[in-house]
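All remarks here apply to the structure that follows.
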2 protein chains.
Amino acid sequence: MDENVLGIVAGVFTSFSMIPQLIKVIREKNVEDLSLVMILVLITGVSLWVWYGIIRNELPIIISNAFAVLVNLTLLVCYFLFRKKS
Amino acid sequence: MDENVLGIVAGVFTSFSMIPQLIKVIREKNVEDLSLVMILVLITGVSLWVWYGIIRNELPIIISNAFAVLVNLTLLVCYFLFRKKS
């Protein structure tokens, strides 16, 4: 299999797996399952993976981790928006 | 920064972020927060990333995703072990 196709398929699977958590938090406006420290660790980690992808010029790495940055930044915003209610 | 060092640091961050969920499930023997479909999607995704890493001969990709396979296989085992109790 072409390595870019493989990377994109892998990225679709790992990206897809993040959606339910995001939907659950937005729908229920409940962040008690979220850990602020872990969101920050994850944002740092996936941002470093984007950087790694840029240095190595690997589009599948860049795209899938940039998506993960977006999802986790949204979770971070939700954390502060919904924190008082939980 | 050397790209391998960058990849390893990125991998440590994203791997570290998976640990609390695993500890929580094992300690509480409660899998009601886990979705079987999502665990299977994630195992498929990270396994494909391992394959991608092998094809491209990138150790940081292989190691961090192999770790994610292990964590999610453990969650899968926990899911079936603790399912009846929840």
Requested in this report: Scan region B:4-19 residue by residue and report those that are farther than 12 Å from residue A:41 by Cα and either open to solvent by 50 Å² or more (accessible area, probe 1.4 Å) or within 12 Å of the chain's Cα centre (by Cα) (or both).
Outcome: B:4, B:5, B:8
Query raised in the report: What residue, among those in region A:26-64 that are among the β-branched types (Val, Ile, Thr) and open to solvent by 60 Å² or more (accessible area, probe 1.4 Å), is farthest from the other protein chains (Cβ to nearest Cβ)?
Result: A:26
Report task. Within region A:26-41, identify whether any single residue is polar (S, T, N, Q), under 19 Å from residue B:68 (Cβ atoms) and part of a helix (DSSP H, G or I), and answer yes or no. Result -> no
Query raised in the report: Consider residue A:7 against the criteria (1) free of Cβ contacts under 8 Å to residues at least 12 places away in the same chain; (2) touching a Pro at 6+ places or on another chain (Cβ under 7 Å); (3) not basic (Lys, Arg): it satisfies all of them except one. Which criterion is unmet?
Result: (1)
Report summary line: Scanning region B:33-53 for residues that are β-branched (Val, Ile, Thr) and under 15 Å from residue B:73 (Cβ atoms) gives B:39, B:41, B:43, B:44, B:46, B:50
Query raised in the report: Quick one: is residue B:73 surrounded by fewer than 16 Cβ atoms within 10 Å (Cβ to Cβ), within 10 Å of chain A (Cβ to nearest Cβ), in contact (Cβ under 8 Å) with a residue 12 or more places away in the chain and assigned to a helix (DSSP H, G or I)?
Result: no
Query raised in the report: Condition test on residue A:82, is it of a type in the set (A, V, I, L, M, F, W, C), touching a residue at least 24 places away in the same chain (Cβ under 8 Å), open to solvent by 30 Å² or more (accessible area, probe 1.4 Å) and not in a loop (DSSP other than H, G, I, E, B)?
Result: no
Report task. For residue A:22, state whether it is over 16 Å from residue B:60 (Cβ atoms) and either touching a Lys or Arg at 6+ places or on another chain (Cβ under 9 Å) or in a helix (DSSP H, G or I) (or both). Result -> yes
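The values are calculated or read from the model by the stated rules, or taken from the named source; none is laboratory data. Fair warning: this is a prediction, and the values are worked out from it, not measured in the lab. We place every Cβ from the backbone using ideal geometry, glycine too, and count neighbours over all the protein chains shown. Only protein heavy atoms, including side chains, enter the accessible area calculation; ligands, DNA and RNA are left aside. Shrake-Rupley method; radii C 1.70, N 1.55, O 1.52, S 1.80 Å.
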